[in-house]
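Taken together, the values in this text are just the output of simple stated rules run on the coordinates, not laboratory data. Just so it is clear, the model here is predicted, and its values are computed rather than measured. Backbone-built Cβ (ideal geometry, glycine too); neighbour counts: all protein chains shown.
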Amino acid sequence: MEVVVGIDIGGTKTKIGLVNREGHCLENTFFRTRDYRDFDQYLDKVVSTIDDLTSKFPQDLHIRGCGIGAPNASSKDGTIVHTANLLWKGTLPILAKLRDRFPVRSKITNDANAAALGEMLFGNAKGMKDFIVITLGTGFGAGIVANGQLIEGYDGFAGELGHVDMTIGDGRRTGLNVKGGLEAYVSATGLKRTILYMMSQYMDDSRFRSIAYNDLHGEEITQAAEEGDPIALRAFDFTADILGMALANFTAFSQPEAFILLGGLVNSGKWIFDPLQTYFDSYLLEVYRGKVKILRSGMPEKTAAICGAAALIWGDYDLEQD
């Protein structure tokens with residue numbers, strides 16, 4: 001049986017799975033990225049986790065390759081460079097180091113680019129030639145496909161839309177120190193920061209007044225919105241407004257057929273999607289109205305990032321790393 005190892009390196013979790021040709025994740029697991037401050041020890045954990053997964057299949061497995069999605073990953077030279085949401089800094093030669101430990105065909109790209117390739121191969125972008133995938137997790141990522149081609153840029157760092165300066169309100173800084181950057185507002189982390197902001201601006205009673213920032217989780221914010229918590233509702237509306245404006249701006253430079261959203265913030269469902277659609281429509285130029293869809297990922301929610309990474313190998317995309 002042929003499988004591809006898909007690895008999604010996130011600021012909070014590293015997810016690893018075995019993905020078949022149809023895009024089904026046969027087995028998967030995760031560990032906390034931040035538990036490994038030493039990069040070499042982290043890679044040792046990655047390989048031991050792969051070994052644990054493959055040991056669950058007594059029949060012969062043929063590992064066709066390994067695909068990796070990571071923030072600030074260069075698809076051109078196989079490195080991770082100056083990422084905002086990981087502990088390791090500088091330029092990390094991840095492919096070279098991983099191949100020393102796990103000698104199979106391996107490719108890496110930005111995590112949002114991997115998601116875009118996954119949507120083309122396995123998800124809701126099948127048949128599309130112009131679309132943008134937005135990942136809303138610890139940070140904000142964007143994978144841009146135009147005329148059927150992934151936009152990678154000169155050395156693989158195109159699409160860092162999370163660090164576009166939106167000059168919004170209080171001028172929050174992103175992990176890359178961009179004042180007013182989109183990621184500081186529209187991400188799972190940004191939503192938590194907005195909860196604190198809303199409590200400073202409004203005197204409404206809210207469950208969040210007795211919860212410390214580090215104990216605050218996205219699922220709880222969604223539950224509070226379900227219960228009518230005014231701070232949660234204001235926070236979702238504020239977030240949707242900013243994202244709607246951003247997507248309208250992005251439409252103007254590439255006119256995608258669709259935006260496809262995935263990541264933790266997407267799990268908030270109607271509390272983010274309903275106001276987002278309203279704001280997006282209001283900000284769009286007239287010529288684009290009614291032409292651009294906002295969709296959820298077509299890949300299985302819990303394994304979308306893993307399948308996206310695996311698509312680097314299954315789709316045989318040329319990322320100049322072989």
Study note, to complete from the structure: Contour minus Cα-Cα span, Lys270 to Leu285, at 0.36 nm per residue, comes to 3.0 nm
Study note, to complete from the structure: Once the dipole of the chain is set up from charges on Cβ (+1 Lys and Arg, -1 Asp and Glu), the residue from the list Phe236, Ser74, Ile272 lying farthest towards its positive end is Ser74
Check your understanding: What is the order of Val145, Val292, fewest Cβ neighbours within 10 Å to most?
Key -> Val292, Val145
Exercise for review: Let me know the Rg and Dmax you get for the stretch 2-111 when you use only its Cα atoms, in Å.
Suggested key: 13.3, 41
Revision key, fill the gap. Matching label for the computed P(r) over Cα pairs in 10 Å bins from 0, in percent, out of [x] 6, 27, 34, 23, 9, 1, 0; [y] 5, 24, 29, 25, 14, 3, 0; [z] 6, 28, 36, 23, 5, 0, is [x]
Check your understanding: What angle do you read, to the nearest 10 degrees and between 0 and 90, between the alpha-carbon axis of helix 188-201 and the longest principal axis of the chain?
Key -> 20
Review point. Of Gln255, Gln223, Gln59, which is the most mobile in a GNM of the chain whose springs link Cα atoms less than 10 angstrom apart?
Key: Gln59
Exercise for review: Would you mind checking the tilt of helix 270-283 against the longest principal axis of the Cα atoms of the chain, expressed as 0 to 90 degrees and rounded to 10?
Suggested key: 70
Review point. When the distances between all Cα atoms of the stretch 124-297 are binned every 10 Å from zero, what whole-number percent does each bin get?
Key: 10, 38, 35, 14, 3, 0
Exercise for review: Arrange Phe236, Phe253 by Cβ neighbour counts within 10 Å, fewest through most, would you?
Suggested key: Phe253, Phe236
Study note, to complete from the structure: The FRET efficiency for Lys179 and His62, from their Cβ-Cβ distance with R0 = 35 Å and rounded to 0.05, is 0.10
Study note, to complete from the structure: GNM on the chain, Cα springs under 10 Å; top mean-square fluctuation among Leu61, Leu191, Leu161 goes to Leu61
Exercise for review: Give the whole-number value, in cubic angstrom per residue, of the convex hull volume spanned by the C-alpha atoms of the stretch 42-164.
Suggested key: 132
Review point. Zone of Glu301 (label point 7 Å along Cα→Cβ, backbone N under 20 Å): which residues in the stretch 82-117?
Key: 115-116
Review point. Over the stretch 134-219, what is the relative contact order in whole percent, taking alpha-carbon pairs under 8 Å and six or more residues apart?
Key: 23
Practice item. Fewest Cβ neighbours within 10 Å first, please rank Cys25, Cys66, Cys307 accordingly. Key: Cys25, Cys66, Cys307
Point to revise | In degrees, nearest ten, helix 39-54 long axis to first principal axis of the chain (Cα) | key: 70
